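Engineer: Here you go, one structure.
The values are calculated or read from the model by the stated rules, or taken from the named source; none is laboratory data. This structure is a prediction, so every number in the text was calculated from the model and none was measured. Virtual Cβ from ideal backbone geometry, glycine too; neighbours counted across all protein chains shown.
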Amino acid sequence: MGPGFAGVPTIEHLIAVTARFADRVAISDGTHSFTYSQLLSRVLALADVITAIIPEGDAVGWLLRGSVWQPIAMLACMAAGRILVPLNPRDPVQRLMTIATTARISVLIGQDNDNSAGWVKERGLHCLDVARASEPSTTPPTLGPVSVDAPAVVLYTSGSTGAPKGVVNSQRSLLQRVQQYVDACHIGAADVFMPLSGPTTIAGCREMLSALLTGAKLHIVDVEALGLRGVLRQINSQRVTITYVVPTLLRALINSSQRGDFDSLRMVRIGGEKVLWTDIALARRAVQPACFIQVSYLSTETTGTQWFLPKDWREDGVGVPVGYLLPGISFTVVDENGKSVPCGEVGELVIKSRYVMLGYWEDGRLSPALPAPDDPHSRTFQTGDLVVVDTHGLMRVVGRKGRQLKINGRRVEPAELEEVVRKLSYVKDAVAVVTDANELVLFASPSNPPGPHFTTDVRNVIRQTLPAALHPTRLHDISEIPRLPGGKIDHAKLKVLDLENRKSSAAPVPTMHGMTRANEAVQRVWTSILGTSEAAGRWDEAGGDSLKLLRCVMDLEELIGHELNMEAFTVDMSADDMIQAVAMTDRPARQCREDQILPHLVILPGSMGYGPSMAAFGAQLNKVAHVIPIRYPDLNWNLTGRGSVEEMATLAVEQINAAQPRGDIRMIGYSLGGGVAFEVASRLIEQGRAVKFLGILDTNVGPRGVNHRETFARTLQRIRSHRVTIYRMLCRTLAKFAARLGREVQFCRLVDSMTWTPLANTRFMLKLELEEILRMRAFGRWVADAKRRLPIKGTVFACNRPGVAARLGWDSLFEELDVIPIAGGHLDLVVEPHLSVNRPVIERAIAASCS
């Protein structure tokens, strides 16, 4: 695009593009469609109106839903040299009013037919109807010169001070992002953009400009209004070639798609939150081999990194590297004292560039960022992100310096949630914590004995004040916030309390004729997606958000056999509301055939048996299969010398034949269970049964050299995640010592002789650990034995384990082998936060075996 691209005002670029592609479609949204000539005419007409009614230096807001009017309004403000403040109409009215007041907005660009903005007139704001004001005029526009270094767009994000903060960017900084994107992806007039990011974000602004300043077609969709199925239809019908998507939405779309839905894409850009290797694997399986996948890192305040992830790049860690720092910026990685750290060590990323934000918008004026000490034209920004940059300049993000997080690509500061709740007269204190599953959880302490509606009242205030991304997944009332001896908040204790207090109220009982089936469908889908025992209360209070709601509607549609009206579903709806929305649909329901076609799935657990984690995993898979859990023989069986993998398999076959005496077999085995599943499959094939699916969950049968570093890392992981305690590790050590001496029987007799009641838990724990040790010893013997090749396809779900072969040694044991990468480590792949990523991947593999 040339070195001077970012120095030319946006409107001049649009005029040049229109001269080349006047009759080509520029923007569409399913209702309206404008060519470049029509787009330019409307932009100039609206810019003329804005110039006439808004003084120079003042801000103008927009309050627009996803449509062609959003880019028209943005380009018109830039052409007029007025500062645009995009507002999200889905945000609570109170928040919108707060931003309008602090930004000193007097004019809002909206649509006359939008009835959701009654507060605009109540506040005395002038509403400019975008369709009418942009009607082309015969009078030439009278626009003055525009500086690319003046404030152009103010984007409000969650603030650490408890109030939203307005980040100010210039046209130069926006155009620099466009140029880097366009040059890297060779974007041109043949492309069709369909961004899946919100237009009130920096990514949304970049996507719109990148399309319209290159002659490409920009197709705009409202994801929440269309639903997942509708979005997939648009990708197909519009033959979209480029899209930007956050990982959470990417997973939901791919897991709801069919083969061929993404065939038109030539480039997928993923960013906005942490990108996992499983996201990359999902994307590569969904798109065509020639499609490029670009991973990026940026913030509202500054541009950052991007790169095309090489297909042969070796996985190293859960998160994907975010690429190389882009041209035009300088950076350093510093320690807590502000000193540069050596290459390859962790530190905070600090960026210096003339493309860094201009500053913050405060009381209707720019509060400028301080210039860099050595360059008055540049500014520095401390990102707060902890990164590692290798000797080649490749960067990976390893964490945050503060508590900030991103939910569905939107920045969230827990302090803003805390500040709103602490202002309530009936709240003594409030603390928000971020769980390992990236969930926002709030603890509120009442100032007086809590009333019966304490949490409901707090929820209602949050709902009326803060955007959806700041609504906590769970809200707990607590008498006192736990603190450490030094007075600091005990966040670890709060996380444990959250796990202990995940409760649900009684399930709603259908009271209307014809609602029984709707109740069953909602109960099934609600509990599957949110991981609750029952469907009760409100969707958002149970941990749901807008993206989970999209998936919920998709799953409900599959169950009842036809599409639902997305407008009937909101994030604050109750379970009763959802049941009624499903039951009262106008179209007749197709007879659900799930009971007839749902396959059986045998789950063979690891060495710890079918405990709580595996049981929860099995419950989550109920959407795609009737689960048959396998129980292994107890410790007494092992002490008699009969605990081999072959004998476990024999007993498992008996359980399978009793539960499913005929029909095709589908199995999945975790760890030790992978070996048992292999032996079970061998026996069933000999009996003439068809094994249609054999899944191996991270079972390594390859070389098993001793890796003390991995063993130590696993032990630390168990302790940190509260899966084990030091006390339990001591019990395990004693059991291991007895097993190595070959004194298992004598050890059990000694344990049984400990009849003192306070030692009951110790007796149980010692025998539990011994049982697991003996099972793993049997598994080790089985791995060392020769095994015959099975004439079926095996599917290995493999975690990223340094030093371990990607195919985990299964290459020669199946006629065909499919290896699918999954998130997490060996110990936590079936628990949160990794279960929410891995379950859809496993479900799709099982479902594929039924087609």
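Engineer: Could you please tell me which pairs satisfy a Cβ distance under 9 Å, a separation of 6+ or placement on different chains, a first residue in the stretch 195-216 that is under 21 Å from Q234 (Cα atoms) and outside the structural domain of V153 (by TED's automatic domain parsing), and a second residue that is outside any helix (DSSP H, G or I) and of a type in the set (S, T, N, Q)?
Structural biologist: From residues that are under 21 Å from Q234 (Cα atoms) and outside the structural domain of V153 (by TED's automatic domain parsing), there are no pairs.
Engineer: Please verify whether the stretch 159-179 includes one or more residues that are among the aliphatic types (A, V, I, L, M), out of contact with any Lys or Arg (no Cβ under 8 Å at 6 or more places or on another chain) and more than 15 Å from Y360 (Cα to Cα). Lay out the reasoning, then the answer.
Structural biologist: Filtering the stretch 159-179 down to residues among the aliphatic types (A, V, I, L, M) leaves 163, 167-168, 174-175, 178.
Of the ones still in play, those that are also out of contact with any Lys or Arg (no Cβ under 8 Å at 6 or more places or on another chain) are 163, 167-168, 175.
Add one more test, that the residue is more than 15 Å from Y360 (Cα to Cα), and what stays is 175.
Within the stretch 159-179 (the criterion being among the aliphatic types (A, V, I, L, M), out of contact with any Lys or Arg (no Cβ under 8 Å at 6 or more places or on another chain) and more than 15 Å from Y360 (Cα to Cα)), the answer is yes, since at least one residue qualifies.
Engineer: Residues that are closer than 30 Å to P327 by Cβ, touching a helix residue (DSSP H, G or I) at 6+ places or on another chain (Cβ under 6 Å) and polar (S, T, N, Q): does the stretch 177-194 have at least one?
Structural biologist: yes
Engineer: Looking only at the stretch 31-70, filter to residues that are surrounded by fewer than 17 Cβ atoms within 10 Å (Cβ to Cβ), of a type in the set (G, A, S) and touching a residue at least 12 places away in the same chain (Cβ under 8 Å); which one of those is nearest to R20 (Cα to Cα)?
Structural biologist: S37
Engineer: Counting only residues that are crowded, with 17+ Cβ neighbours inside 10 Å and of a type in the set (S, T, Y), which one in the stretch 819-851 is nearest to D316 (Cα to Cα)?
Structural biologist: S836
Engineer: Would you be able to say whether some residue in the stretch 57-73 is charged (D, E, K, R) and modelled with pLDDT of 95 or more?
Structural biologist: Step one: of the stretch 57-73, the residues charged (D, E, K, R) are 58, 65.
Going one step further and asking which of them are modelled with pLDDT of 95 or more, we end up with none.
For the stretch 57-73, residues charged (D, E, K, R) and modelled with pLDDT of 95 or more: absent.
Engineer: If you don't mind, there's one more thing I want to ask. Which one of V287, V268 is out of contact with any helix residue (DSSP H, G or I) (no Cβ under 7 Å at 6 or more places or on another chain) and more than 24 Å from R65 (Cβ to Cβ)? Walk me through how you get there before you give the answer.
Structural biologist: Numbers: V268 fails: out of contact with any helix residue (DSSP H, G or I) (no Cβ under 7 Å at 6 or more places or on another chain).
After ruling out the rest, the residue left standing is V287.
Engineer: Ok, one more. Being assigned by TED's automatic domain parsing to the domain that holds T102 and within 30 Å of I235 (Cβ to Cβ) narrows it down to one of V146, V192, V154, so name that one. Step through it out loud before you land on a result.
Structural biologist: Details: V146 fails: within 30 Å of I235 (Cβ to Cβ); V154 fails: within 30 Å of I235 (Cβ to Cβ).
Of the residues listed, the single one that is assigned by TED's automatic domain parsing to the domain that holds T102 and within 30 Å of I235 (Cβ to Cβ) is V192.
Engineer: Which condition number does R239 fail, the rest of (1) under 17 Å from S299 (Cα atoms); (2) without any contact (Cβ under 8 Å) to a residue 60 or more places away in the chain being met?
Structural biologist: So R239 meets the others, but not (1).
Engineer: For the stretch 109-214, which strands (runs of 3 or more DSSP E) that fit wholly inside it have 2 or more residues that are under 33 Å from the mean Cα position of the chain (by Cα)? Working first, answer last.
Structural biologist: On the way: elements: 126-129, 151-157, 165-170.
Strands (runs of 3 or more DSSP E) meeting the threshold: 151-157, 165-170.
Engineer: Does any residue in the stretch 642-663 that is modelled with pLDDT of 90 or more come within less than 9 Å, Cβ to Cβ, of a residue that is of a type in the set (S, T, Y) and part of a helix (DSSP H, G or I) six or more places away or on a different chain, and which pairs are these?
Structural biologist: That search, which allows pairs on different chains as well, returns A649/S682.
Engineer: For the stretch 74-96, which residues satisfy the criterion of being under 30 Å from the mean Cα position of the chain (by Cα) and of a type outside the set (K, R)?
Structural biologist: Correct list: M74, L84, V85, P86, L87, N88, P89, D91, P92, V93, Q94, L96.
Engineer: Limited to the stretch 771-817, what total is found for residues that are in a loop (DSSP other than H, G, I, E, B) and among the basic types (K, R)?
Structural biologist: Taking the stretch 771-817 as the starting set, the residues that turn out to be in a loop (DSSP other than H, G, I, E, B) are 785-789, 799-810.
Pick out the ones that are also among the basic types (K, R) and you get 787-789, 801, 807.
Counting residues in the stretch 771-817 that are in a loop (DSSP other than H, G, I, E, B) and among the basic types (K, R) gives 5.
Engineer: Scan the stretch 514-531 for residues that are over 13 Å from N622 (Cα atoms) and buried (at least 20 other Cβ atoms within 10 Å of the Cβ) and report the count.
Structural biologist: Filtering the stretch 514-531 for residues over 13 Å from N622 (Cα atoms) gives 514-520, 522, 530.
Subset that is buried (at least 20 other Cβ atoms within 10 Å of the Cβ): 518-519, 522.
Counting residues in the stretch 514-531 that are over 13 Å from N622 (Cα atoms) and buried (at least 20 other Cβ atoms within 10 Å of the Cβ) gives 3.
Engineer: Same structure, new question: Name every residue in the stretch 682-739 that is assigned to a loop (DSSP other than H, G, I, E, B), modelled with pLDDT of 60 or more and not small (G, A, S), in order of residue number. Steps first, answer last, please.
Structural biologist: Quick first cut of the stretch 682-739, residues assigned to a loop (DSSP other than H, G, I, E, B) only: 687-690, 698-707, 721-725.
The next check asks that each one be modelled with pLDDT of 60 or more; those that pass are 687-690, 698-703, 725.
Scanning the stretch 682-739 gives Q687, R689, D698, T699, N700, V701, P703, T725.
Engineer: Now for a different question. What residue, among those in the stretch 761-818 that are of a type in the set (V, I, T) and in contact with a strand residue (DSSP E or B) (Cβ under 7 Å, 6 or more places away or on another chain), is surrounded by the most Cβ atoms within 10 Å (Cβ to Cβ)? Show your work before the answer.
Structural biologist: The first filter runs over the stretch 761-818 and keeps only residues of a type in the set (V, I, T), leaving 762, 773, 783, 792, 795-796, 804.
Checking which are in contact with a strand residue (DSSP E or B) (Cβ under 7 Å, 6 or more places away or on another chain) leaves us with 792, 795-796.
On the way: I792: 16, T795: 22, V796: 26.
Checked the stretch 761-818; the qualifying residue surrounded by the most Cβ atoms within 10 Å (Cβ to Cβ) is V796.
Engineer: Is one or more of the residues making up the stretch 36-51 modelled with pLDDT under 95, under 24 Å from Q238 (Cα atoms) and within 38 Å of the chain's Cα centre (by Cα)?
Structural biologist: Checked the stretch 36-51: no residue is modelled with pLDDT under 95, under 24 Å from Q238 (Cα atoms) and within 38 Å of the chain's Cα centre (by Cα).
Engineer: Take residues that are assigned by TED's automatic domain parsing to the domain that holds L87, modelled with pLDDT under 90 and out of contact with any Cys (no Cβ under 6 Å at 6 or more places or on another chain) and tell me which of the strands (runs of 3 or more DSSP E) falling wholly in the stretch 423-477 contain 1 or more.
Structural biologist: On the way: elements: 427-434, 440-446, 474-477.
Once the strands (runs of 3 or more DSSP E) in the stretch 423-477 are filtered for at least 1 residues that are assigned by TED's automatic domain parsing to the domain that holds L87, modelled with pLDDT under 90 and out of contact with any Cys (no Cβ under 6 Å at 6 or more places or on another chain), nothing remains.
Engineer: Among (1) under 26 Å from the mean Cα position of the chain (by Cα); (2) modelled with pLDDT under 80, which single condition is N636 missing?
Structural biologist: With respect to (1) under 26 Å from the mean Cα position of the chain (by Cα); (2) modelled with pLDDT under 80, N636 is out only on (1).
Engineer: Then there's this: Suppose the filter is charged (D, E, K, R), under 25 Å from V85 (Cβ atoms) and buried (at least 17 other Cβ atoms within 10 Å of the Cβ); does R379 pass it? Before you say what the answer is, go through the steps one by one.
Structural biologist: Numbers: charged (D, E, K, R): yes; under 25 Å from V85 (Cβ atoms): yes; buried (at least 17 other Cβ atoms within 10 Å of the Cβ): yes.
For R379, the condition - charged (D, E, K, R), under 25 Å from V85 (Cβ atoms) and buried (at least 17 other Cβ atoms within 10 Å of the Cβ) - is met.
Engineer: Still on this structure: Considering only residues that are out of contact with any Lys or Arg (no Cβ under 6 Å at 6 or more places or on another chain) and under 17 Å from V571 (Cβ atoms), which ones fall in the stretch 515-530? Before you say what the answer is, go through the steps one by one.
Structural biologist: Going through the stretch 515-530, the residues out of contact with any Lys or Arg (no Cβ under 6 Å at 6 or more places or on another chain) turn out to be 515-527, 530.
Scanning the stretch 515-530 gives V522, V525, W526, L530.
Engineer: Against the conditions (1) closer than 25 Å to L556 by Cα; (2) buried (at least 20 other Cβ atoms within 10 Å of the Cβ), where does T201 fall short? Just the number, please.
Structural biologist: (1)
Engineer: Sort through E345, E315 and tell me the only one that's surrounded by 14 or more Cβ atoms within 10 Å (Cβ to Cβ) and in contact with a strand residue (DSSP E or B) (Cβ under 9 Å, 6 or more places away or on another chain).
Structural biologist: Values: E345 fails: surrounded by 14 or more Cβ atoms within 10 Å (Cβ to Cβ).
Criteria check complete, one pass: E315.
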